[in-house]
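Heads up: the structure comes next, in structure tokens.
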């Protein structure tokens with residue numbers, strides 16, 4: 001089962017949650033978790049959203065101050081692409097409709113998984129590893 005307040009299914013879907021800590025050791029989970037959920041309408045990230053990189057961009061419009069790149073997993077597939085979401089407060093997120101970086105074709109080195117993004121902004125250019 002998906003858990004309280006989630007559609008009943010037998011899938012183990014990954015979701016992105018939020019917690020706070022004063023010391024980095026003792027954490028308090030946000031009661032409104034998850035802050036980023038899977039797409040239940042058959043979208044490209046319908047099985048899982050995970051492995052995030054979050055950047056606070058003080059030069060962005062206030063509604064896009066927090067920027068998140070995440071790995072999204074397709075339903076019935078081992079394919080992961082990189083998605084993007086933005087937020088004014090780091091809790092309420094708006095997803096970009098499509099992946100911003102997709103796996104390559106079957107003959108390329110990145111043909112199955114793109115996950116674990118790490119993003120920085122350097123001299124006005126976003127760089128991802």
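The values are calculated or read from the model by the stated rules, or taken from the named source; none is laboratory data. These numbers come from a predicted model, not from an experiment. Cβ atoms come from the backbone with ideal geometry, glycine included; neighbour counts cover every protein chain shown.
Pull up region 31-43, narrow it to residues that are surrounded by 14 or more Cβ atoms within 10 Å (Cβ to Cβ) and more than 12 Å from the chain's Cα centre (by Cα), then point me to the one that is modelled with the highest pLDDT.
Selected residue: 33.
Would you list the strands (runs of 3 or more DSSP E) that sit entirely within region 82-129 and hold 1 or more residues that are without any contact (Cβ under 8 Å) to a residue 60 or more places away in the chain and under 17 Å from the mean Cα position of the chain (by Cα)?
Qualifying strands (runs of 3 or more DSSP E): 93-95, 125-128.
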